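The values are calculated or read from the model by the stated rules, or taken from the named source; none is laboratory data. Every value quoted in this text rests on a predicted model; they were computed, and no experiment measured them. Ideal geometry is used to build each Cβ from the backbone, glycine not excepted, and the neighbour counts take in all protein chains shown.
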Amino acid sequence: MPNMSHSKPTEKDYYLPILDTLRSFGGSANLNEIRLSVRPFLRADNRYLDEIAGSKTQESRFDKDLNWAGKRLGDAGLIQKAKTHWKLTEEGRLNFFTAKTLTLLCDLAGKSAKSRKK
């Protein structure tokens, strides 16, 4: 379950809501549907989520964290992420994870992706 005890969610707080959203849309959704469905799960202060986090892109903190979480889920092989449309992979569709397991998978996948770039 996402960390609801504070008003500043981390990237990890997005993982389960993203997967749940994709499942609720039959396995795939456009980015706007994902944004609208995930944001209420975070129960975070709107001022924090709307804060500009990308100085070059002028991207909101919410969009930046959502994209990073999507990247990590993609690195873990759970979703396929295109610019405007995300979908569950077979692995993402068939497996249900706890928040802790999902965090470990995404952390490992992120480290593996970084080491492949070197």
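Among the helices (runs of 4 or more DSSP H) confined to the range 1-106, the ones with at least 3 residues that are surrounded by 21 or more Cβ atoms within 10 Å (Cβ to Cβ) are located at 15-24, 31-42, 61-75. Whenever a residue of the range 101-118 is more than 15 Å from residue 79 (Cβ to Cβ) and of a type in the set (Ser, Thr, Tyr), its partners that are surrounded by 14 or more Cβ atoms within 10 Å (Cβ to Cβ) and modelled with pLDDT of 80 or more, lying with C-beta atoms within less than 7 angstrom and at least six residues away or across chains, give the pairs 103/12; 103/15. For the range 33-77, the set of residues classified as modelled with pLDDT under 95 and among the polar types (S, T, N, Q) consists of 46, 55, 57, 58, 60, 67, listed by residue number. The set of residues in the range 15-56 being closer than 25 Å to residue 98 by Cβ, aliphatic (A, V, I, L, M) and under 12 Å from the mean Cα position of the chain (by Cα) consists of 16, 18, 19, 22, 34, 38, 42. Among the criteria (1) touching a Lys or Arg at 6+ places or on another chain (Cβ under 6 Å); (2) modelled with pLDDT under 90, the one residue 80 does not fulfil is (2).
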